[in-house]
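What follows is calculated from the coordinates using simple rules that are stated; it is not laboratory data. What you are looking at is a predicted structure, and each value in this text was computed from that prediction instead of being measured. Cβ coordinates were reconstructed from backbone atoms using ideal geometry, including for glycine residues, and neighbour counts include every protein chain displayed.
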Amino acid sequence: MQRIERISQLRRQRADWRQAGLRVALVPTMGNLHAGHLSLIRAAAEQADRIIATIFVNPLQFGAGEDFAAYPRTLERDSDMLRDAGCDLLFAPTETEVYPRGRERQTFIEVPGLSEQLCGASRPGHFRGVATVVAKLLNMTQPEVAIFGEKDFQQLLVIRRMVADLNLPVEVVGAPIVREPDGLAMSSRNGYLSAAERAIAPRLQASLVAAVGRLRAGAGLAEVERETLQALAEAGLAPDYVSIRRRHDLAVPDPSLRGAEDRALIMLAAARLGRARLIDNLACDLESPLADLTPNLRP
Ligand code: PAF
């Protein structure tokens, strides 16, 4: 595996691969890799002939008082993991390489509508930072396909929207959440948890599973959200939000849940636990109501 810091070197390798007719997949990361990231590398291998992974802890997506300085930087270990997983090239640029004019004077990309809600409401500017760095990484690496984890579901939709709005010639692929045996979604930030917090953390996913069961049993959206917030607080987490949305655009579903788009749902939650802010989500497809399936039987 090659390890590259400079955009100019990256471009040369990319040009060689293009000339050889090879399809390239990008897996952008902030490092401190775990099995979830390795699943993205495996997904990339299914999609392309060559895999580029990037490791860059992007300062633009951290708010004031967030964990930018503390974010674990484990480049040597990450590099070994990527090589063993079959990655072809690791691009690990410095901050100056990515933002040569400085953070404040960088051109930004805003994805309005999707960015200000849910995680964006409690982390203002976060998705602007994500969209900006991902657009830059896509331009630097020029992949045919880019792979993102579905744990950051809102991020995945922000990136899909940005790619569509800017007509970027790349296919964006989402890869399923990888979980610990007790259900906790893998995250670099799980390392912030104390042993006692780690024991509580799986309650986030467990509460989503219970909530989806209640939805399927016919409980109302607001009622299920309220119950889930309460269950999280009782478990010792400090919930930021619990929200049931339409999966394709994160819009609030119509409470009648009659339309097909209002029945392909996703339940998203974020909660603080000690130093960590945990996020998770669970898809929920409601059965089509009888009236929708058989219009001629409608009263
Ligand atoms: O999901 C992440 O690790 C980051 O948000 C990303 C996509 C690498 C951009 O910095």
Of the convex hull drawn through the C-alpha atoms of segment 70-109, the volume per residue in Å³ is 119
Which residues qualify? For residue 3, with a placed amide H closer than 5 Å and at least 5 residues away or on another chain, they are 90
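Given the Cα-Cα distance of residue 226 and residue 166 and 0.36 nm per residue of separation, how much length would full extension add, in nm?
Details: separation 60, 0.36 × 60 = 21.60 nm, distance 3.76 nm.
Extending this stretch completely gives an extra 17.8 nm.
Calculate the FRET efficiency for residue 22 and residue 283 from the Cβ-Cβ distance with a Förster distance of 35 Å, rounded to the nearest 0.05.
0.55
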Using the Kirkwood formula on alpha carbons, the hydrodynamic radius of the chain in angstrom works out to 20.5
In nm, the gap between the two label points placed 7 Å beyond Cα toward Cβ at residue 15 and residue 107 is 2.1
note: segment 160-299, Cα-Cα separations exceeding 24 Å make up a percent value of 41
Lys and Arg at +1, Asp and Glu at -1: neighbours of residue 83 with Cβ under 13 Å from its Cβ sum to -3
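Relative contact order for the chain using alpha-carbon pairs under 8 Å, separation at least 6, rounded to a whole percent? Let's see the in-between values first.
Working: 497 pairs, mean separation 47.5, N = 299.
It comes to 16 percent, rounded to a whole number.
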Between the modelled labels at residue 219 and residue 272 (7 Å from Cα along Cα→Cβ) the distance in nm is 2.6
Protection proxy (average C-beta count within 10 Å per residue), highest first, orders 238-250, 198-210, 144-156 as 144-156, 198-210, 238-250
The summed charge of the residue 277 Cβ neighbourhood (under 13 Å; Lys/Arg +1, Asp/Glu -1) stands at -1
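Looking only at Cα atoms, what is the convex hull volume of segment 1-157 per residue, in Å³?
Values: hull volume 17.8 nm³, N = 157.
Roughly 113 Å³ of hull volume per residue.
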Dividing the surface of the Cα convex hull of segment 1-67 by four yields a projected area in nm² of 5.6
Going residue by residue through segment 220-235, the Karplus relation 6.51 cos²θ - 1.76 cosθ + 1.60 with θ = phi - 60° gives ³J(HN,Hα) values, rounded to whole Hz and with x marking Gly or Pro, of x, 4, 5, 5, 5, 4, 4, 4, 5, 4, 5, 4, 5, 5, 5, 6
Long-range amide H partners of residue 265, meaning residues 5 or more apart or on another chain whose placed amide H is closer than 5 Å, are 247, 284, 285, 286
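Near residue 48, within a Cβ-to-Cβ distance under 9 Å, what is the net charge of the other residues, with Lys and Arg +1 and Asp and Glu -1?
On the way: positive: 23, 50; negative: 46, 49, 144.
Charge balance near residue 48 sits at -1.
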With x for Gly and Pro, the residue-by-residue ³J(HN,Hα) of segment 265-275, computed from phi through the Karplus equation 6.51 cos²θ - 1.76 cosθ + 1.60 at θ = phi - 60° and given in whole Hz, is 10, 9, 9, 10, 9, 9, 8, 8, 8, x, 7
Largest-first semi-axes in Å of the equivalent ellipsoid built from the Cα gyration tensor of segment 116-164 are 20, 12, 8
